[in-house]
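Quick notes on the structure that follows.
The values are calculated or read from the model by the stated rules, or taken from the named source; none is laboratory data. What you see is a predicted model; the values in this text were computed from it and never measured. Cβ atoms come from the backbone with ideal geometry, glycine included; neighbour counts cover every protein chain shown. Areas reflect the complete protein model, heavy atoms only, side chains present, ligands, DNA and RNA absent. Shrake-Rupley method; radii C 1.70, N 1.55, O 1.52, S 1.80 Å.
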Amino acid sequence: MRLFLSIMLLVFSAKVVAQKQRTIDSLLTELKKAKADTSKVKLYIDIANEYENNEPETARQYYRKAIILSEKVNDRNGYYKSLSRIGNTFLIQGMQDSMLYFSERALIVARELNDSLSIGISLFNVGIAYREKSDFDKAITFCLEGRVIMEKKG
């Protein structure tokens with residue numbers, strides 16, 4: 001029975017990896033055809049999301065491209081998402097200072113956008129960065145502020 005379960009797990013894992021690679025390949029094909037506009041920013045973010053958990057450095061390359069292009073085409077939502085998500089790649093690798101830097105920048109943009117959901121998420125991300133830095137007072141302050149906003153959003 002153990003052998004059967006091990007084989008099934010291996011087969012399932014191989015299928016997941018193959019599907020993920022097909023998704024990345026498809027997005028990269030779209031990227032080659034994309035014009036330098038908000039849709040290309042979204043493609044960069046989507047590609048980075050696919051790499052984020054397993055290859056955070058590769059994800060950061062695409063988030064940086066999204067940041068640069070979003071500034072160029074004035075895509076504030078893409079800019080916010082890129083800043084927010086790039087912060088997560090640093091969390092994955094235990095790079096708290098970098099996570100805090102990008103999370104604070106994302107919070108500034110979220111406030112400029114006046115998007116309460118993004119503000120709430122960003123407050124939590126800043127709080128998590130402070131928690132990882134063992135600055136628990138600041139972590140609690142930011143997370144509680146984020147909680148108030150998120151509770152209002154339901």
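Observations on the structure shown:
- Any hit, segment 67-74, residues being under 30 Å from GLY154 (Cβ atoms) and under 11 Å from the mean Cα position of the chain (by Cα): no
Conditions (1) modelled with pLDDT of 95 or more; (2) open to solvent by 50 Å² or more (accessible area, probe 1.4 Å); (3) within 21 Å of LYS40 (Cα to Cα), marked per residue:
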| site | (1), (2), (3) |
| --- | --- |
| ASN74 | yes, yes, yes |
| TYR79 | yes, no, yes |
| LEU91 | no, yes, no |
| SER103 | yes, no, no |
| GLU145 | yes, yes, no |
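- In segment 58-72, the residues that are open to solvent by 30 Å² or more (accessible area, probe 1.4 Å) and not hydroxyl-bearing (Ser, Thr, Tyr): GLN61, ARG64, LYS65, ILE68, GLU71, LYS72
- Residues in segment 26-36 include none that are of a type in the set (Lys, Arg) and either surrounded by 11 or more Cβ atoms within 10 Å (Cβ to Cβ) or modelled with pLDDT under 60 (or both).
- Just one of the numbered conditions (1) crowded, with 16+ Cβ neighbours inside 10 Å; (2) of a type in the set (A, V, I, L, M, F, W, C); (3) without any contact (Cβ under 8 Å) to a residue 40 or more places away in the chain is not true of ALA129: (3).
- Qualifying residues in segment 132-143 (those that are of a type in the set (Asp, Glu) and over 23 Å from SER82 (Cβ atoms)) - the one least open to solvent (accessible area, probe 1.4 Å): ASP135
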